[in-house]
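Structure record follows, encoded as C-alpha cells.
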Amino acid sequence: MLNFTVGPVMCSDDVRAVGGEQVPYFRTPEFSNTMFENEQLMLKFAKAPDGSRVAFMTNSSTGSMEAVVMNCFDDSDKVLVIDGGSFGHRFVELCEIHDIPHTVLRLNHGQKLTKERLYEYDGQEFTGLLVNIDETSTGVLYDSEMIGEFCKKNNMFYVCDCVSAFLADPFDMANCGADVMITGSQKVLACPPGISIIVLAPRAVERVTTRKVKSMYFDLADVLKNMERGQTPFTPAVGILRQINTRLKEIEAAGGADVEIARVAAQAEDFRKKIKELPFEFVSESPANGVTPVHPVNADAYEIFEILKDEYNIWICPNGGDMKNTVFRVGHIGHLSHDDNTTLINALKDMMDKNLL
Ligand SMILES: *Cc1c(COP(=O)(O)O)cnc(C)c1O
C-alpha cells in the first residue's frame, strides 16, 4: 500500500515496530519518563515560550478542538472564527454547541486570508480567535504571524489548530504569540490515530486552571495537574504515546523540526513539479506544504480516488461535501519519498493512456 492521504499516513519502520510490541502497564516511572520526553520535544518543536505545558489527549484532534473551546471560552467571550473550509466550519459548530458568542469570517474555498480582510474586524472588542493554520480541506496555509499581530493588537486569545501544519509548515508559537496549538498523532507525527496534543502557552495554562469547565474527560486543568508527574487522569492510548516517543526522537536525531519541515516542503515541491504534465489544476491560493488539492479538468475526482485504490493500491485523499467530485488531495506528510511521487504520477499517466483521465 502506498498512502498519500492526509492521515493516517505512512509510518516509519521503527514506529511500526513499536506498534507490534506488547502494551505495558503505564502507572510507572518508566512511562512517566516517556511522557516527559514527549513533552520536552513537543515544546521544542512547537517553539513554545518558556512556561508552556503540554496535554496529551486520547481522542482525535476534533476532541482537542472541542476541549480547547470548552476550557478557554465561555459566554462572556466574543470569538472570531476563520471559516475557509470544513475544519474552520468545525470551530463554528463547536462555538454553537457550547454557546460561545462568535462571529464568522468566511472565506471562499481555496482563498487565503489577507490582512485587509482580517483588519475589517479590528477594534471590535473580540476576546479570542480560532483558526486552522492549514485548512486541510482546501490546503490553504494562513499566515500565523500576521494573525498573531492582529491578536496582540486586539488583546485576543489566539488558538491555532495546527493539526496538519505542525512539522509541515514553519510555525513558531512564541514568535506568533499563539496561546494554544493543537496537533494530532496521525498527521505529520506519522503515528496511528488516537492521540491529540495540545500545547498551552503560559496565558492558556493560567486560563484553563482558573476557569471552570463542565466536563470530566475534557478538564484540561486535571490533565495538566496529572502531567506534572508524567501521567494522564485516565488510561491513555499507551501504545501510541510510545510510538510518538520513537517518532519525536527520530525527528530530533535527523536535525529537528526545521529539517522535517524542509523535508515535507521538498516532497510537496517535487510532486507539484511532476504533476504539471497532467490535465489537472491547483486550487489553493496559498498552498500549505502538507497537502496539494488538485482539480482534474476532464474527470471525476472521486472516481480517480477509487480507481487508484482498487487498481493500483495507491491511496490519495478524496474530498468531502461539495468538493467531492471536483477535487482530490495528495498528501506530502509521513514516510514518503520522491520515488513514491513518481510511482503515483506513473499510475496517473497509465490511467491517461487508458482514457480514464
Ligand atoms: C485532521 C485535522 C483535524 C482533526 O481531525 P480528526 O479526524 O478529529 O483527527 C482538525 N483540523 C485540521 C486542520 C485537520 O487537518
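The values are calculated or read from the model by the stated rules, or taken from the named source; none is laboratory data. In this text, all values refer to a predicted model and were calculated from it rather than measured experimentally. FYI the Cβ positions are ideal-geometry reconstructions off the backbone, even for glycines, and counts take in every protein chain you see. Quick note on the areas: whole protein, heavy atoms, side chains included, nothing else; ligands and nucleic acids left out. Shrake-Rupley method; radii C 1.70, N 1.55, O 1.52, S 1.80 Å.
Using the alpha carbons of region 14-254, what is the convex hull volume per residue in cubic angstrom, as a whole number?
Values: hull volume 27.5 nm³, N = 241.
Convex hull volume per residue, Cα atoms: 114 Å³.
Return the single residue from G194, G239, G20 with maximal mean-square fluctuation; model: Gaussian network over the chain, springs between Cα atoms under 10 Å.
Comparing G194, G239, G20 in the GNM, the peak value goes to G20.
Let me know the longest stretch in the chain that avoids all trypsin sites (Lys or Arg not before Pro) found in a DSSP loop with at most 10 other C-beta atoms within 10 Å. Could you put the intermediate results ahead of the total?
Details: sites that count: R27, K212, K214, K354.
Within the chain, the longest run free of exposed trypsin sites (Lys or Arg not before Pro) spans 28-211.
In debye to the nearest 20, how big a dipole does region 50-184 give about its Cα centre with +1 on each Lys and Arg Cβ and -1 on each Asp and Glu Cβ?
On the way: 9 positive and 22 negative charges, 37 e Å.
The dipole of region 50-184 has a size of about 180 debye.
Going by a ≥ b ≥ c, the root eigenvalues of the Cα gyration tensor, does region 73-119 fall in the rounded group (a/c under 1.5), the prolate group (a/b larger than b/c) or the oblate group? Provide the component values of the computation, followed by the final result.
Details: a/c = 4.00, a/b = 1.59, b/c = 2.52.
Oblate, since a/c reaches 1.5 and b/c is not below a/b.
With the cut-off at 1.5 for a/c, could you classify region 256-353 from its C-alpha gyration tensor as rounded, prolate or oblate? Intermediate values should be presented prior to the final figure.
Working: a/c = 1.76, a/b = 1.42, b/c = 1.24.
In terms of gyration-tensor shape, prolate.
Order the following by accessible area, largest value first: I240, I82. Probe radius 1.4 Å; ligands, DNA and RNA are ignored. Numbers along the way, then the final one.
Numbers: I240 25, I82 0 Å².
Ranked from most to least accessible, the order is I240, I82.
Not counting the cut sites, what is the longest span of the chain without chymotrypsin sites (Phe, Trp or Tyr not before Pro) that DSSP labels loop and that have at most 12 other Cβ atoms within 10 Å? Don't skip to the answer; put the middle values down first.
On the way: sites that count: Y25, F234.
Longest stretch, sites excluded: 26-233.
Farthest toward the dipole's positive end in the chain, which of V15, L308, V92, given Cβ charges of +1 (Lys, Arg) and -1 (Asp, Glu) about the Cα centre?
Checked the options; the winner is V15.
Stretched out fully, how many nm does the piece from R16 to D172 gain, at 0.36 nm a residue minus the Cα gap? Numbers along the way, then the final one.
Working: separation 156, 0.36 × 156 = 56.16 nm, distance 2.93 nm.
Taking 0.36 nm per residue and subtracting the Cα distance, the gain is 53.2 nm.
Probe radius 1.4 Å, ligands and nucleic acids left out: which of D99, D122 has the largest accessible area, and how do the rest follow? Present the calculation step by step, with values, prior to reporting the outcome.
Working: D99 110, D122 45 Å².
Correct descending sequence by accessible area is D99, D122.
What number does region 96-236 give for Rg over Rh if you use C-alpha atoms and the Kirkwood radius?
Working: Rg = 16.0 Å, Rh = 16.5 Å.
Rounded to two decimals, Rg over Rh is 0.97.
Sequence neighbours fewer than 8 away in the same chain don't count; with that in mind, list the aspartates and glutamates whose C-alpha is under 19 Å from K354.
Within reach: E277, D300, E303, E306, D310, E311.
Round to the nearest 10 and report in Å² the accessible area of T62, as given by a 1.4 Å probe over the protein chains' heavy atoms.
Result for T62: roughly 40 Å² accessible.
As a quick test, which of the pairs K44/K187; K153/K214; K112/K349; K47/K112 have an alpha carbon distance above 20 angstrom in this structure?
Values: K44/K187 18 Å; K153/K214 31 Å; K112/K349 31 Å; K47/K112 24 Å.
In this structure, K153/K214; K112/K349; K47/K112 exceed 20 Å between Cα atoms.
Give the calculated FRET efficiency between D300 and R211 to the nearest 0.05, with a Förster radius of 41 Å applied to their Cβ-Cβ distance. Intermediate values should be presented prior to the final figure.
Values: r = 48 Å, r/R0 = 1.17.
Step by step, r from the Cβ atoms, then E = 0.30.
Please give the charge dipole size of region 256-353, origin at the Cα centre, charges +1 on K and R Cβ atoms and -1 on D and E Cβ atoms. Round to the nearest 20 debye.
Numbers: 9 positive and 17 negative charges, 40 e Å.
Computed charge dipole of region 256-353: roughly 200 debye.
Using +1 on the beta carbon of Lys and Arg, -1 on that of Asp and Glu, and nothing else charged, what's the dipole of the chain about the Cα centre, debye to 20? Working shown, then result.
Values: 34 positive and 51 negative charges, 103 e Å.
Magnitude of the dipole: close to 500 debye.
Among G88, G139, G19, which one shows the biggest mean-square fluctuation in a GNM of the chain, springs joining Cα atoms closer than 10 Å?
Sorting by GNM fluctuation, first place goes to G19.
Once the Cβ-Cβ distance between A254 and R106 is put in as r, and R0 is 45 Å, what FRET efficiency do you end up with, to the nearest 0.05? Can you show the working numbers first?
Numbers: r = 39 Å, r/R0 = 0.88.
Computed FRET efficiency for A254 and R106 comes out at 0.70.
Looking at the chain as a GNM with Cα springs under 10 Å, which of I275, I133, I333 has the largest mean-square fluctuation?
I275
Express in nm, to one decimal, how much length is gained between D310 and K44 on full extension, taking 0.36 nm for each residue of separation and deducting their alpha carbon distance. Could the numbers behind the result be given before it?
Numbers: separation 266, 0.36 × 266 = 95.76 nm, distance 4.10 nm.
Extending this stretch completely gives an extra 91.7 nm.
State, to one decimal in nm, how far the label point of M352 lies from the label point of A266, with both points 7 Å from Cα in the Cβ direction.
It works out to 2.6 nm between the two label points.
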